1. Using only Cα atoms, what Kirkwood radius does segment 79-131 have, in angstroms?
2. Quote the accessible area belonging to Thr224 in square angstrom, nearest 10, computed with a 1.4 Å probe and with ligands, DNA and RNA left uncounted.
3. Calculated FRET efficiency, Ser208 and Arg247, Cβ-Cβ r, R0 30 Å, to nearest 0.05?
4. Kirkwood hydrodynamic radius for segment 227-285: how many Å is it when counted over pairs of different Cα atoms?
5. Which of the three applies to segment 207-311, rounded, prolate or oblate, going by the alpha-carbon gyration tensor with a ≥ b ≥ c and a/c under 1.5 meaning rounded?
6. Cα gyration tensor of segment 111-174, axes a ≥ b ≥ c as square roots of the eigenvalues: rounded (a/c below 1.5), prolate (a/b > b/c) or oblate?
7. Just the number please: accessible area per residue for segment 107-264, 1.4 Å probe, all protein chains included, in Å².
8. Just how much of Ser148 is accessible, in Å², when a 1.4 Å probe is used and the result is rounded to the nearest 10?
Amino acid sequence: MNLTFPASAFLSKLILSAIVLASNGLTPTLAQSVKGIADSNNAFAFDLYSHINNNGDRNLIFSPFSISSALAMTYAGARAETESQMSHTLHFTPNRDVFQTQYGDYLGAIERDTGAGLQLCVANSLWAQQNYSFSHLFCKIIDSNYKSTVHRVNFADRTERERARKEINNWVAQKTDSKIKELISPGVLDNFTMMVIVNAIYFNGKWSSKFDKKLTCEDRFRITSAKEMKALFMHKFGKYNCYEDGRIKAVEIPYAGKTTSMIIILPDSPDSMKNIESSVNAGYFNKIVNLLQEKEVQLSLPKFKADSRFELGKPLAAMGMPDAFNEKADFSGMSAKSEKGLFISRVIHEACIDVTEEGTEAAAATAVIGKIALAPPPQNIFIFNVNHPFIFIIKDNVTQGVLFMGEVYNPVAG
């Protein structure tokens with residue numbers, strides 16, 4: 001049974017997914033525009049982090065890159081006040097046409113960073129109600145800049161809607177090496193759904209210099225000054241870029257090819273994590289990156305996992321784009337007839353990470369290795385023992401764009 005609805009009833013289901021996640025050969029002009037998008041995304045990343053980290057005492061992982069990419073496609077159809085609110089909240093350039101081209105260049109730069117030891121997949125798709133007339137220009141923008149495939153489905157029919165839900169989940173699973181299998185749960189879609197926008201990211205990076213599994217051993221991880229637990233720590237001596245300022249220490253751990261790396265930000269004590277959460281922003285991150293210096297380091301890093309799922313509608317509305325989520329929304333740029341009525345009903349985001357001796361993967365087996373004594377470090381070594389809650393950031397080393405970030409309170413909890 002095919003149903004039609006008045007424009008005021010149209011709903012847009014915005015869905016995103018993420019897993020773990022970078023750019024060579026850029027001309028100076030292209031590099032500047034790409035860097036501008038990366039800086040904007042970083043500002044959004046830390047703004048969002050401040051809105052979703054306040055539960056505390058739990059591991060957290062999200063991909064601001066994935067969220068921004070999906071919303072950038074939606075931004076292509078925003079108009080009037082909705083467009084203005086999205087531009088301000090997401091730090092997008094007000095010149096919509098220039099922005100879309102620059103974002104396409106940014107995605108292209110990220111996707112070029114592949115090679116030995118680094119597997120990367122970035123994919124976008126639009127699942128559109130078959131009897132809704134989407135603007136040809138809108139479809140052209142997301143195809144040319146985001147390489148987004150368009151799938152015509154029938155959300156109005158219950159059987160076909162369930163078929164579409166499974167197709168979307170299968171697409172996400174395929175693009176994320178089966179690490180995210182059911183992004184869209186039963187009941188999320190309904191007969192008012194007009195579209196689903198999906199971004200999927202998969203990253204599997206081997207460390208530039210792997211940790212020796214023979215040195216992995218059990219040690220104390222201090223959740224707070226009064227509470228501790230046992231965790232498996234990886235150990236390595238080597239040269240790493242480091243930073244410290246009395247409040248935090250930071251170390252940069254490169255992946256193979258050194259086009260991406262992980263930044264670990266470690267507060268000066270277990271109990272100061274909450275204060276660091278509230279003060280880490282894009283400016284502080286840029287300061288850390290710009291002042292990194294190479295040192296001889298004794299690095300002790302716990303193996304850890306994190307798996308998070310978010311409904312981001314309320315945080316995004318609170319950050320400054322409420323109109324996108326109600327009847328005031330103006331996404332008339334998506335409609336062939338420039339009709340209003342579409343609005344975002346939900347923003348769903350899921351991400352996971354697994355850090356081992358080999359590198360950072362979406363999933364990996366964990367071995368328990370007996371404790372052995374470590375040789376004492378030489379003098380003048382920078383001791384970096386990640387033995388209490390910390391923040392991690394995976395970044396692209398050309399644009400310095402934040403691809404994934406999160407925090408670890410319990411490396412064993414996952």
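The values are calculated or read from the model by the stated rules, or taken from the named source; none is laboratory data. Values in this document were obtained by computation on a predicted structure and should not be read as measured data. Cβ coordinates were reconstructed from backbone atoms using ideal geometry, including for glycine residues, and neighbour counts include every protein chain displayed. To get the accessible areas, we keep the full protein, side chains included, count just its heavy atoms, and leave off ligands, DNA and RNA. Shrake-Rupley method; radii C 1.70, N 1.55, O 1.52, S 1.80 Å.
1. Averaging 1/r across every pair of different Cα atoms and inverting gives 13.8 Å.
2. Looks like 50 Å² after rounding.
3. Details: r = 28 Å, r/R0 = 0.92.
FRET efficiency, Ser208 to Arg247: 0.60.
4. Averaging 1/r across every pair of different Cα atoms and inverting gives 13.5 Å.
5. rounded
6. oblate
7. On a per-residue basis, segment 107-264 sits at 44 Å².
8. Using a 1.4 Å probe on the heavy atoms, I get roughly 0 Å².
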